Every structure is written in structure tokens, then in C-alpha cells.
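The values are calculated or read from the model by the stated rules, or taken from the named source; none is laboratory data. What you see is a predicted model, and the numbers here were worked out from it, not measured in a lab. Cβ coordinates were reconstructed from backbone atoms using ideal geometry, including for glycine residues, and neighbour counts include every protein chain displayed. Surface accessibility is based on the protein's heavy atoms, side chains included, excluding ligands, DNA and RNA. Shrake-Rupley method; radii C 1.70, N 1.55, O 1.52, S 1.80 Å.
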Amino acid sequence: MSKSWATNRRSFLRSTGAVVLGSTIGLNLGFPNSTFSQSKNTLKVGLIGCGGRGTGAASQALSADPDVVITAMADVFQDRLDESYDILLKAHPDKVKVTNENKFVGFDAYRKVIESDVDVILLTTPPGFRPDHLTTAINAGKHVFCEKPVAVDAPGVRKVLAAAKIAREKRLSLVSGFTFRYDDPKRALFGKVLDGEIGEIKTISSTRNGHGVWYKPRQPEWTEMEYQMRNWYYYNWLSGDFIVEMIVHSLDMMSWAMGDKMPVKATGSGGRQARVAEKFGNIYDHFAIEYDYENGAKGFNFCRQQLGCSTRNTVEIAGTQGNAFIGGDVHKITGKNNWQYQGEKKDPYQTQHNELFASIREGKPMNDGEIMTNSTMLAILSRMVGYSGQTITWEQAINSNQVLGPEFNQYRWDLNWPGPGVAIPGITKVL
């Protein structure tokens with residue numbers, strides 16, 4: 001991932017957090033601060049989920065169009081909303097129009113933002129909430145940017161797919177957080193792959209090996225629900241496990257290379273060897289999955305999150321006439337048609353929002369529904385294979401009725417939701 005992507009989803013809040021502490025760093029974030037005057041053509045944005053990714057997405061939305069403001073914000077935690085508001089206000093003082101009455105906190109806060117007078121909804125909560133939030137927003141006639149993944153289980157995926165169909169019927173724009181689909185080098189490379197520049201694809205191998213992520217120490221006043229919500233990444237009913245929450249990007253690129261055709265089945269393994277402490281919830285720290293496609297092609301994904309180990313983030317595609325490679329800033333093809341990307345490299349996080357708001361202005365709706373649901377489901381299939389140790393077909397996975405979290409109307413702070421235990425391959429059932 002290029003270091004030039006200044007508003008990277010993970011680094012935005014970290015890089016701008018000093019603003020809240022009084023630093024002047026927030027005065028030079030690279031965002032336009034031109035004088036703004038609201039007009040009748042102003043697009044109003046509502047943010048649901050005020051963490052680092054949500055704050056970054058809101059800033060990108062405000063930068064995407066000269067006549068856009070944010071008028072409503074929601075989070076389950078007051079402190080996250082307040083911090084996000086302060087950062088956005090410093091970055092876009094003329095475009096943040098959120099009154100105290102339009103700052104909503106709690107499990108029902110999302111609905112209050114959707115019911116407010118907004119045109120575009122940004123959905124950036126933990127993915128376990130995404131299906132219901134998206135369905136509510138689309139039913140209310142709102143354009144939506146929703147982060148990836150779009151669900152954590154198959155019933156959630158099916159709900160999102162139904163919402164995407166309604167969005168198409170209502171001519172609403174629906175853009176997902178599969179950022180690489182908006183990256184110029186990758187658009188160029190995958191365009192060539194799909195045009196046959198490396199011949200017929202035989203294998204695709206994606207590897208993403210990294211370390212760990214943040215952790216919030218338990219506080220005496222927190223209920224179990226608050227503790228899990230603060231550490232949502234480590235609970236699969238909220239995150240889907242790391243192969244769904246993060247590695248889904250790699251799997252999305254595999255799908256892209258295959259023309260978004262899904263495998264017929266998958267097999268493999270997974271587990272937790274290093275990240276075994278109770279504080280790490282119920283997610284794994286490594287997976288290795290093999291995919292079989294109808295045309296005989298094979299796909300492979302290897303991923304781990306273990307401290308002290310080597311890191312890697314690559315996609316390699318082998319065809320009958322050449323190979324394609326993605327790693328860092330390198331995007332190249334070798335073989336019959338040698339090529340390497342040498343063009344412009346814009347921030348794809350910003351490009352997503354630029355194209356979303358342009359589609360709204362031009363009355364030409366975008367809809368990432370099928371792409372985002374297929375790639376999310378591919379990640380869920382991968383988790384199911386790793387958890388169970390079984391070979392599972394696409395049809396079995398997409399039709400699964402296993403739900404990881406509580407019913408949506410059950411959320412409350414005193415809910416002691418145990419969630420699934422740590423999966424044991426050969427014992428855990430996923431179908």
C-alpha cells in the first residue's frame with residue numbers, strides 16, 4: 001500500500017488524533033478549507049460509525065464535492081463521536097454543520113441519522129451491524145457509502161444483496177469500501193488480465209502476512225458488551241474474523257481477476273497459535289485456503305497476523321501466456337506482453353468518494369452490490385472452511401443459516417452475549 005495515501009483508513013485517526021489534544025497539525029491535513037456557502041444544491045451527509053475509518057471517510061466525502069456538508073453523526077460511544085467531530089471541524093471548518101441535536105449516541109443512533117434530513121449515508125461501524133444499517137438506509141431512499149466487509153455471515157450477505165437490488169430499483173448510488181477497485185494501478189492491471197494479456201488464468205495466489213492491530217484494555221466500568229464493542233475486531237460476531245474484516249481485500253482482488261466468478265468449493269485450514277490470550281476474543285491468527293473454480297483454475301490465500309514474523313502483501317496470477325504481480329507499488333505483467341504501471345497514482349480512498357458524489361450529481365447511479373456481497377461471501381466461506389476443517393461448496397456456504405450475533409433488536413449494554421467459542425476444526429459446525 002502506497003505511503004502517499006495520506007488518508008488511509010487505519011491511519012487517519014492516529015495521524016490526526018493530536019488535533020484533539022491541541023496540536024496545530026490539524027491545520028495542514030491536505031483537505032480543502034476554501035470558504036463554503038450552502039446552497040439549495042447542497043448534498044447533506046450523515047456519518048454512522050465515528051472511529052478512524054468513519055472519520056476518514058467523512059473527510060473524504062467532504063473533499064469530494066464543493067457543495068457538500070455533514071449534518072448528522074452517530075456512534076454507540078460519546079467519546080468517539082466527540083473526537084471525530086473535533087477532527088472533522090478542524091479539517092473542514094466550513095463544511096461541518098452538525099448541531100448538538102444531530103449528534104446521536106446509542107444502538108438506535110443510526111436510525112436517527114437516517115431519519116434526519118440527509119442525502120448520503122456513510123456506514124462505517126463494525127461490519128456485524130452493516131446489513132441492518134444498509135437495509136434501513138436504502139429503504140429510506142438514501143445514497144450510501146458502506147465499508148467492507150458488508151456482513152459477517154451468510155444471512156447478512158443475503159440481506160445486503162436484497163438491499164442492493166432495492167437501491168438499483170430506486171436509482172440510488174451504493175459504493176463499497178473495496179478500495180482497490182478504485183486504485184488506478186490496479187484498474188489498469190486487472191483490465192489487462194481480463195482482456196487476456198496473460199492468457200487463460202491457471203492459478204491465483206494471494207498472501208497477506210502482518211502483525212497485530214490495536215487493543216483496548218478492559219476498564220472497571222465497562223460491561224461485557226462494551227468491552228467487546230470497544231474491541232470489536234477480536235469477536236467474529238462483530239468483525240467476521242480477520243480473514244473477513246481485513247483479508248477480504250486480497251480475496252476481492254482474486255475475484256476481480258476471475259471476472260467476479262466465484263469458486264465452486266474451498267478447502268483448507270486455520271487456527272490460533274500466537275494470538276491465544278483471552279483478550280483476543282474468538283478469532284484466529286492464520287488461515288490457508290484453496291479454491292476450485294469451475295474452469296479448472298485454482299486459487300490460494302495465505303494470511304496470518306502474528307508478531308515477530310515476516311510480512312508480505314502480494315497477489316500473483318499465473319496465466320498460459322504470462323504472469324501478473326501486485327506487491328506494494330509494483331504492478332506488472334511478465335511473459336508474452338511485458339508491462340509495468342508507470343502512470344498516476346491517486347488516493348483511491350478519495351477516488352471512491354469523488355466517483356460516488358459525481359454519480360449522484362450526474363444522475364448516473366453506481367451500484368457495487370454484487371461485487372461487495374460476492375467478495376464478502378468469499379471471505380465468509382474461507383472462515384467457514386478454516387473453522388470446520390471441511391471442504392465446503394459455494395452453494396452450501398451462501399445458503400447457510402448460521403447467524404453469529406444476537407438479533408438486531410436485542411442490542412443493549414447489559415446483554416451478556418457469549419458469542420461462538422473459539423472454533424476447533426473437525427468439531428465446530430458451520431453449516
Worksheet, complete the sentence: Taking segment 105-146 and keeping only residues that are open to solvent by 10 Å² or more (accessible area, probe 1.4 Å) and assigned to a loop (DSSP other than H, G, I, E, B), one is left with 106, 107, 108, 116, 117, 119, 124, 125, 126, 140, 141, 142
Worksheet item: residue 350 fails exactly one of the following numbered conditions: (1) surrounded by 18 or more Cβ atoms within 10 Å (Cβ to Cβ); (2) within 26 Å of residue 292 (Cα to Cα); (3) touching a Phe, Trp or Tyr at 6+ places or on another chain (Cβ under 9 Å); (4) not aliphatic (A, V, I, L, M). What is the number of that condition?
Response: (2)
Fill in: Check on residue 160, within 23 Å of residue 233 (Cα to Cα), among the aliphatic types (A, V, I, L, M) and assigned to a helix (DSSP H, G or I)
yes
Worksheet item: Taking segment 252-302 as the search range and keeping residues that are open to solvent by 10 Å² or more (accessible area, probe 1.4 Å) and of a type in the set (Phe, Trp, Tyr), which one is farthest from the chain's Cα centre (by Cα)?
Response: 293
Discussion item. Residues to consider are 233, 215, 227; find the one that is closer than 26 Å to residue 308 by Cα and part of a helix (DSSP H, G or I).
Written reply: 233
Practice prompt. Hey, can you tell me all the residues within segment 84-104 that are open to solvent by 60 Å² or more (accessible area, probe 1.4 Å) and either in contact (Cβ under 8 Å) with a residue 40 or more places away in the chain or within 23 Å of residue 127 (Cβ to Cβ) (or both)?
Written response: 90, 93, 97
Worksheet item: What are the residues in segment 358-393 that are surrounded by fewer than 24 Cβ atoms within 10 Å (Cβ to Cβ), within 30 Å of residue 171 (Cβ to Cβ) and touching a Pro at 6+ places or on another chain (Cβ under 9 Å), if any?
Response: 359
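For residues in segment 199-212 being crowded, with 21+ Cβ neighbours inside 10 Å and not hydroxyl-bearing (Ser, Thr, Tyr), which is farthest from residue 306 (Cα to Cα)?
So the residue we want is 201.
Can you tell me which of 161, 134, 189 is touching a Gly at 6+ places or on another chain (Cβ under 7 Å) and in contact (Cβ under 8 Å) with a residue 12 or more places away in the chain?
Going through 161, 134, 189 in turn, just one is touching a Gly at 6+ places or on another chain (Cβ under 7 Å) and in contact (Cβ under 8 Å) with a residue 12 or more places away in the chain: 161.
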Worksheet entry | The lone exception for residue 320 - which of (1) on the phi < 0 side of the Ramachandran plot; (2) surrounded by 16 or more Cβ atoms within 10 Å (Cβ to Cβ) it fails | (2)
Worksheet item: How many of the residues making up segment 350-393 are under 18 Å from residue 243 (Cβ atoms), of a type in the set (A, V, I, L, M) and not in a helix (DSSP H, G or I)?
Response: 1
Practice prompt. Run down 236, 231 and say which single residue is without any contact (Cβ under 8 Å) to a residue 60 or more places away in the chain and open to solvent by less than 10 Å² (accessible area, probe 1.4 Å).
Written response: 231
Fill in: Complete set of residues in segment 394-428 that are of a type in the set (D, E, K, R) and either at pLDDT 95 or above or surrounded by 14 or more Cβ atoms within 10 Å (Cβ to Cβ) (or both)
395
Item to complete: Please indicate, with yes or no, whether at least one residue in segment 185-197 is touching a Leu at 6+ places or on another chain (Cβ under 8 Å) and either farther than 25 Å from residue 356 by Cβ or at pLDDT 95 or above (or both).
Response: no
Discussion item. Please go through segment 268-301 and give me each residue that is under 16 Å from residue 207 (Cα atoms) and of a type in the set (Val, Ile, Thr), ordered by number.
Written reply: 289
Worksheet item: When residues of segment 147-193 are filtered for being under 30 Å from residue 337 (Cβ atoms), of a type in the set (A, V, I, L, M) and surrounded by fewer than 18 Cβ atoms within 10 Å (Cβ to Cβ), how many remain?
Response: 1
Item to complete: Answer with yes or no whether residue 270 is in contact with a Pro (Cβ under 8 Å, 6 or more places away or on another chain), of a type outside the set (A, V, I, L, M, F, W, C) and in contact (Cβ under 8 Å) with a residue 12 or more places away in the chain.
Response: yes
